[in-house]
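**Q** Structure in structure tokens, see below.
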Amino acid sequence: MKLFKSLAFAGAMLAGTASFAQEKFITIGTGGQTGVYFVVGQSICRLVNRGTAEHNLKCTAPSTGGSIANINAIMAGDMDMGVAQSDWQYHAYNGTSEFEGNAFKDERAVFSVHGEPFTVIARADAGITSFADLKGKRVNIGNPGSGQYATMQVVMKALGWTMDDFALASELKPAEQAAALGDNKVDAIIYTVGHPNGSIQEAVSTVDAVLVPVEGPEIDKLIADNPFYAKATVPGGMYDGSPNDTTTFGVKATFVTSAKVDDDVVYQVVKAVFDNFDRFKRLHPAFENLTEEGMINDGLSAPLHDGAVRYYKERSWK
């Protein structure tokens with residue numbers, strides 16, 4: 001009897017070890033913990049991990065530097081997937097802008113998520129009512145590696161500005177910028193983000209602040225010359241101090257991976273999201289107006305991953 005129990009215990013241990021050995025861990029790059037990218041990654045992982053017993057995938061989504069950091073990590077094989085602005089998805093695949101001479105031809109699109117207006121919020125006492133008013137002010141332009149930092153460089157180039165045009169150009173992360181605005185360490189912050197956003201809500205709750213429009217002929221030309229940009233509006237009344245709509249331009253948040261990531265892994269991630277689409281849309285207010293059609297078509301400039309295509313064909317979407 002003891003021998004039988006010992007054998008049974010050993011068998012159970014071996015079975016458990018075999019099951020553990022089959023588990024595959026995947027990592028999704030996100031962004032700062034106060035931003036929507038972090039919620040995107042965490043939400044996808046939550047849905048993937050609900051089905052671990054069936055597909056043996058375990059998903060983690062750590063906070064990262066943002067779009068460019070995520071793409072570079074995927075390119076290096078340090079991450080499997082990540083969230084990135086649609087403009088940086090485009091530049092990475094085509095080897096332009098920040099990726100000049102380093103095209104990521106193995107980059108693959110999976111789907112897009114929410115729209116992300118290029119957002120400027122300023123202290124009400126700073127006298128900033130237009131983007132041009134940022135000249136000579138203390139501005140947080142974002143941390144290197146983030147999408148807003150790189151997009152700010154694009155806007156500055158279009159306007160013929162340099163860092164010297166600011167009294168201070170700080171490079172704080174999203175989690176730090178609201179406090180800096182409230183503590184009067186900066187006059188304005190730049191954030192390319194989905195709305196409503198917790199960091200901006202925090203800022204307007206601690207100091208009188210206003211959203212600043214980003215418009216004019218240079219911005220119109222940026223939109224006309226680049227298919228990944230579009231006019232965008234932050235609705236009035238979303239934040240204290242900004243009762244009217246604020247006009248700006250924006251990009252899409254997109255979910256990207258590499259052709260080297262196994263087809264079945266990507267298939268299971270896509271399936272986890274779209275088989276639970278209503279649940280996914282409830283995980284953040286920025287997701288509530290998403291549609292399947294928009295997510296698989298808009299803002300995608302790299303080829304779709306074969307694993308994603310497999311799922312979309314099963315649903316007769318492609």
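The values are calculated or read from the model by the stated rules, or taken from the named source; none is laboratory data. Owing to the predicted nature of the structure, the values given are computational and were not obtained by experimental measurement. No Cβ is skipped: glycine too gets one built from the backbone with ideal geometry, and neighbour counts run over all protein chains shown.
**Q** Looking at F280, F255 in this structure, which one is buried (at least 16 other Cβ atoms within 10 Å of the Cβ), in a strand (DSSP E or B), aromatic (F, W, Y) and at pLDDT 95 or above?
**A** F255
**Q** What is the one condition in (1) over 19 Å from the mean Cα position of the chain (by Cα); (2) part of a loop (DSSP other than H, G, I, E, B); (3) at pLDDT 95 or above; (4) not β-branched (V, I, T) that A302 does not satisfy?
**A** (1)
**Q** Still on this structure, please answer the following. Kindly evaluate D80 against the criterion of being within 17 Å of F38 (Cα to Cα), surrounded by 15 or more Cβ atoms within 10 Å (Cβ to Cβ) and charged (D, E, K, R).
**A** Judged against the criteria, D80 is a match.
**Q** Another question, if that's okay. Would you check if A61 is crowded, with 24+ Cβ neighbours inside 10 Å, over 21 Å from F228 (Cβ atoms) and either acidic (D, E) or touching a strand residue (DSSP E or B) at 6+ places or on another chain (Cβ under 8 Å) (or both)?
**A** Taking the combined requirement at face value, the residue satisfies it.
**Q** Hey, another quick one. Test A109 against the criterion of being in the same structural domain as G65 (by TED's automatic domain parsing), within 22 Å of the chain's Cα centre (by Cα) and either in contact (Cβ under 8 Å) with a residue 24 or more places away in the chain or part of a strand (DSSP E or B) (or both), and give yes or no.
**A** On the way: in the same structural domain as G65 (by TED's automatic domain parsing): yes; within 22 Å of the chain's Cα centre (by Cα): yes; either in contact (Cβ under 8 Å) with a residue 24 or more places away in the chain or part of a strand (DSSP E or B) (or both): yes.
When the stated conditions are applied, A109 passes them.
**Q** Can you work out which of the residues in the stretch 179-221 that are part of a strand (DSSP E or B) and of a type in the set (S, T, Y) is farthest from the chain's Cα centre (by Cα)?
**A** So the residue we want is Y191.
**Q** Moving on. Got a sec? Which of V139, V120 is over 19 Å from the mean Cα position of the chain (by Cα) and either among the β-branched types (V, I, T) or within 14 Å of I189 (Cα to Cα) (or both)?
**A** Within the list V139, V120, the selection yields V139.
**Q** Tell me yes or no: at least one residue of the stretch 82-101 is in a loop (DSSP other than H, G, I, E, B), touching a residue at least 12 places away in the same chain (Cβ under 8 Å), in contact with a helix residue (DSSP H, G or I) (Cβ under 9 Å, 6 or more places away or on another chain) and not small (G, A, S).
**A** No; the residues of the stretch 82-101 include none that is in a loop (DSSP other than H, G, I, E, B), touching a residue at least 12 places away in the same chain (Cβ under 8 Å), in contact with a helix residue (DSSP H, G or I) (Cβ under 9 Å, 6 or more places away or on another chain) and not small (G, A, S).
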